[in-house]
């Protein structure tokens, strides 16, 4: 896929992958980028992380750092994403 990925495409892929894994398992943001652009996925990592932050703020996904949920503003380094478990 050439060019920039749209936020909507990234959002849909994050939601698809996290729903597929369920709230017990997480995904790496790179899995999203690779699914959308296998050849040049690295260049999309900032965009994927940005959309993940929005989804976290909306309550759709959890951002995990060292296995623990963190707020979007604390997101740095290695993270994983999971579907938000039901309350």
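Where a number appears in this text, it was derived from the coordinates with a stated rule and is not lab data. Given the structure is predicted, the values throughout are model-derived calculations rather than measurements. Cβ sites come from the backbone with ideal geometry, for glycine too, and all protein chains shown count toward neighbours.
I'm trying to understand the selection: among the residues of region 28-38, which are touching a residue at least 12 places away in the same chain (Cβ under 8 Å) and part of a loop (DSSP other than H, G, I, E, B)?
Correct list: 28, 37.
(1) free of Cβ contacts under 8 Å to residues at least 12 places away in the same chain; (2) out of contact with any strand residue (DSSP E or B) (no Cβ under 6 Å at 6 or more places or on another chain); (3) within 22 Å of residue 86 (Cβ to Cβ); (4) not in a helix (DSSP H, G or I): which one isn't true of residue 69, the others all being true?
Here residue 69 clears every test but (2).
Being in contact with a helix residue (DSSP H, G or I) (Cβ under 9 Å, 6 or more places away or on another chain), within 17 Å of residue 10 (Cβ to Cβ), touching a residue at least 40 places away in the same chain (Cβ under 8 Å) and surrounded by 11 or more Cβ atoms within 10 Å (Cβ to Cβ) is true for just one of 49, 80. Which residue is that?
On inspection, the qualifying residue turns out to be 80.
Would you say residue 56 is touching a strand residue (DSSP E or B) at 6+ places or on another chain (Cβ under 6 Å) and in contact (Cβ under 8 Å) with a residue 12 or more places away in the chain?
Spelling it out, residue 56 is indeed touching a strand residue (DSSP E or B) at 6+ places or on another chain (Cβ under 6 Å) and in contact (Cβ under 8 Å) with a residue 12 or more places away in the chain.
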